[in-house]
Amino acid sequence: MRKPVIGITLNWYANDEPKVRSYGKWLFGLNQSYAEMLAKAGVITVGIIPSSRDVRSILDIVDMIVLTGGGDTDPELYGQRNNGSIQHWRERPLWEMELYRNAREMKVPVLGICLGIQTIAIAEGEQLIQDISTQVDNAEEHHGEAADPKTHPVEIMDGTILSGILDRKIEVSSFHHQAIAGIPKGFYQAAKSPDGMIEAMESDDGLVVAVQWHPERDFTGPLLLKKLIPKFLRGH
C-alpha cells in the first residue's frame with residue numbers, strides 16, 4: 001500500500017533588488033517545522049513550487065494539499081483599503097487561491113494553516129480583520145514573536161471534525177495579527193479563542209479543515225495529520 005502524497009505550499013520571500021535580474025523576484029522556502037510535522041505523519045511530502053499555471057496537473061498527483069502560513073494579503077483582494085495590514089502581498093495569495101479553487105473543484109482535501117485559513121476565506125468571498133489588536137475590543141495577544149511564539153487557549157466546537165481529534169480546550173501556538181471576519185457560505189466554525197476570534201473552520205463536505213494557529217509548532221500538528229489523512233482519503 002503506497003504512502004499518501006501531500007502537497008505543501010511554500011512561502012514567498014522577495015529577493016533583494018540587486019538579485020532580481022539574475023534570480024527573479026521571488027525566493028521560495030519552507031520552515032523545517034512543517035517538514036517535521038509531515039514526516040511524523042508518515043507521508044510523502046511534495047513542495048508545490050508556484051512556477052506553473054497548470055495547477056490541475058499538480059493536484060492530479062497529490063492526495064491532499066496543505067496551505068501554509070505567511071505574510072499579510074493585499075486587502076484590495078477582499079475589497080478593503082489598508083487598515084493595519086503590514087507589508088502585504090498580492091502574487092502569492094492570488095496563486096494559492098487559484099490552487100485552492102481548483103482543489104475544491106477536483107475534491108482534493110485541504111488543510112489550511114494560519115495564512116491558509118485566511119486564503120481560503122478570501123477565496124470563498126469572506127473578509128479579514130486586518131489588525132486584531134487595534135480593531136477588536138479586549139483582544140487576546142495572538143501575535144508574539146517568531147523567536148518567542150505566543151500560546152493562547154482555544155475552544156473546539158462540539159460535533160466538528162476537530163472535536164474528534166483534540167480536547168475541547170487546548171493551548172495552541174499563535175503567530176498572527178489578522179483573522180477571518182466571518183464564516184464563508186458552505187463552512188462552519190470549528191474553534192474560537194476567548195476574545196471571540198475564529199480559530200478554525202471546516203467545510204460542510206468535510207474536505208477542508210483550516211486553523212488559524214500553527215500546528216506545526218505545537219502538539220496539535222501530528223495529531224491532526226494522523227487523523228485527518230485517513231479521513232480525507234476515505235472520502236477522496
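Worth a mention:
- Taking other residues whose beta carbon is less than 11 angstrom from the beta carbon of THR68, and scoring Lys, Arg as +1 and Asp, Glu as -1, yields -1.
- Distance histogram in 10 Å bins (all Cα pairs of the range 179-236, percent per bin): 21, 49, 28, 2
- Kirkwood-based Rg to Rh ratio, the range 1-133, C-alpha trace: 0.98
- Computed over the range 1-72, the Cα gyration tensor eigenvalues convert (square root of 5λ each) into semi-axes of 26, 15, 9 Å, ordered from largest to smallest.
- Alpha carbon centroid spacing (whole Å) that separates the range 1-63 from the range 71-139: 18
- Only lysine pairs 8 or more places apart, or on different chains, with alpha-carbon atoms under 19 angstrom apart are counted in the range 86-233, and they number 7.
- With kT/(6 pi eta Rh) evaluated at 37 °C and eta = 0.692 mPa s, and Rh the Kirkwood radius from Cα pairs, the chain diffuses with a coefficient of 183 µm²/s according to Stokes-Einstein.
- Once divided by 2.2 N^0.38 Å, the Cα radius of gyration of the range 48-120 becomes 1.13.
- Burial ranking of peptide ranges 203-211, 171-179 (average Cβ count within 10 Å, highest at the top): 171-179, 203-211
- A Cβ-based charge dipole, computed about the Cα centre of the range 69-203 with Lys and Arg at +1 and Asp and Glu at -1, lands at about 420 debye.
- Cα-based reach from LYS3 at 19 Å (exclusive), listing aspartates and glutamates while leaving out same-chain residues under 8 positions away: GLU36, ASP60, ASP63
- Charge dipole (debye, nearest 20) of the chain; +1 at Cβ of Lys and Arg, -1 at Cβ of Asp and Glu: 980
- Listed by chain and number, the aspartates and glutamates whose C-alpha is less than 18 Å from the C-alpha of LYS19, apart from same-chain residues fewer than 8 away, amount to an empty set.
- The antiparallel fraction among DSSP beta bridges confined to the chain stands at about 60%.
- By accessible area, using a 1.4 Å probe on protein heavy atoms only, the chain has 48% of its surface on carbon and sulfur.
- Environment charge of ALA210, counting only residues whose C-beta is closer than 12 Å and scoring Lys/Arg +1, Asp/Glu -1: -4
- Selection among ASN83, GLY116, GLN178 by position relative to the dipole of the chain gives GLY116 as farthest towards the positive end (Cβ unit charges, Cα centre).
- The chain: calculated mean residue ellipticity at 222 nm from DSSP helix runs of at least 4, using -39500 (n - 2.57): -8000 deg cm²/dmol
- Heavy-atom accessible area per residue - the chain, 1.4 Å, Å²: 48
The values are calculated or read from the model by the stated rules, or taken from the named source; none is laboratory data. The model shown is predicted, which means the values in this text are computed figures rather than measured ones. With ideal geometry, Cβ positions are generated from the backbone for all residues, glycine too; neighbour counts draw on all protein chains shown. The protein model used for the area step is the full one, side chains on, heavy atoms only, and it has no ligands, DNA or RNA in it. Shrake-Rupley method; radii C 1.70, N 1.55, O 1.52, S 1.80 Å.
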